[in-house]
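Below: one structure, written as structure tokens.
The values are calculated or read from the model by the stated rules, or taken from the named source; none is laboratory data. This structure is a prediction, so every number in the text was calculated from the model and none was measured. Methodologically, a virtual Cβ is constructed for each residue, glycine included, from the backbone with ideal geometry; neighbour enumeration extends over all protein chains shown.
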Ligand SMILES: [Cu+2]
């Protein structure tokens with residue numbers, strides 16, 4: 001980073017300037033409501049796929065509690081770590097202006113919260129609207145330690161730059177792992193990528209149509225009423241899996257992504273990568289009945305290592321007009337055409353179609369750049385114990401790392 005162009009200001013003058021800024025531009029900050037949550041991180045037994053697994057979760061729930069704030073609010077989350085692992089919580093996508101210490105990055109912005117210790121995250125959620133997520137940022141624990149972070153506009157739902165929906169539903173796509181997530185992390189550090197998730201989930205449920213016991217299951221059920229519009233706040237909380245999501249007989253209108261409004265566009269397939277969030281409108285305009293929503297896990301092209309085929313499903317169920325109950329039980333559910341799991345063009349076009357909505361409450365993207373950076377991202381390896389040379393690629397002598405301009409981060413020993 002360069003300090004070129006930044007005037008040198010004596011410390012006292014700089015402090016005065018900051019206070020002045022808060023008093024003039026900070027009116028909403030000064031009066032901002034504080035949203036408070038307590039997150040108890042602990043291990044609980046959960047049964048999925050006919051098997052009991054010890055999982056690390058917040059407040060005993062999978063997915064964890066949804067946080068709802070109004071843009072401009074302050075958020076205060078007290079994390080009580082009753083798990084045997086070091087933990088941090090990252091507020092994925094929150095810009096953390098003037099609060100980067102609350103970003104939840106272990107060994108960079110904070111020491112991890114040790115077992116039987118507490119930590120409080122405090123920060124403002126300002127200048128962003130839509131859906132984000134929170135998740136753990138130590139090892140692979142984000143597979144089960146995650147939840148929605150919903151930021152509503154300060155002038156209410158009628159100020160959405162799209163038709164006001166009748167209902168809003170968070171929908172979290174994820175992976176279910178039978179194996180111990182701490183072991184999974186150790187295996188990956190050793191360069192062993194042979195572990196696979198057990199199944200995929202929608203809102204923590206494995207989905208149908210059949211579970212391991214052979215019983216027909218609906219999985220996550222979205223109850224709808226003819227003519228109503230639903231805002232699905234889609235979140236991909238999986239460790240590795242990119243999904244295609246379809247609902248038989250229905251289309252999506254994409255209206256926001258990663259808490260940014262986009263120019264609305266219509267599609268029958270959503271592509272969503274890990275850590276990504278997408279807000280979509282679905283109108284219940286199909287003949288009343290039962291429709292499957294299906295999420296298919298994408299595969300990288302061969303000759304990359306191929307995963308088993310994974311999908312999960314939920315149902316869209318039309319409420320009967322006469323008595324408000326679910327009707328049409330004896331009508332077979334409609335199944336969508338599944339996209340091919342090797343179809344990479346659909347995700348390319350889905351994401352290529354996303355363009356930012358120019359919005360009166362958002363600053364415009366600057367078109368002039370003062371400096372240009374050339375950044376390469378890559379995977380590589382470093383030798384254990386600071387050795388200058390070692391065996392690579394799957395050897396215990398080296399550790400797999402991600403690198404930026406060929407420089408990797410190494411945890412302090
Ligand atoms: Cu994250």
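See the values below:
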item	result
Condition met for residue 243 (surrounded by fewer than 22 Cβ atoms within 10 Å (Cβ to Cβ) and farther than 30 Å from residue 360 by Cβ)	no
Only one of 86, 118 that is outside the structural domain of residue 227 (by TED's automatic domain parsing), away from the ligand (no atom under 15 Å from the Cβ), surrounded by fewer than 22 Cβ atoms within 10 Å (Cβ to Cβ) and more than 18 Å from residue 65 (Cβ to Cβ)	86
Among (1) under 22 Å from residue 132 (Cα atoms); (2) away from the ligand (no atom under 16 Å from the Cβ); (3) modelled with pLDDT of 95 or more - the single one residue 94 does not satisfy	(2)
Hey, residue 129 away from the ligand (no atom under 16 Å from the Cβ), under 30 Å from residue 162 (Cβ atoms), within 19 Å of the chain's Cα centre (by Cα) and crowded, with 20+ Cβ neighbours inside 10 Å or not	yes
Contacts under 9 angstrom Cβ, first residue in the stretch 136-149 being assigned by TED's automatic domain parsing to the domain that holds residue 241 and under 11 Å from residue 239 (Cβ atoms), partner near the ligand (Cβ under 9 Å from one of its atoms) and part of a helix (DSSP H, G or I), 6 or more apart	none
Extreme residue, surrounded by the most Cβ atoms within 10 Å (Cβ to Cβ), among residues of the stretch 248-274 that are closer than 16 Å to residue 350 by Cβ and within 16 Å of the ligand (Cβ to nearest atom)	272
Criterion (outside the structural domain of residue 402 (by TED's automatic domain parsing) and loosely packed, with under 14 Cβ neighbours inside 10 Å) met by exactly one of 218, 192	192
So residue 70, is it touching a helix residue (DSSP H, G or I) at 6+ places or on another chain (Cβ under 6 Å) and more than 16 Å from the ligand (Cβ to nearest atom)	no
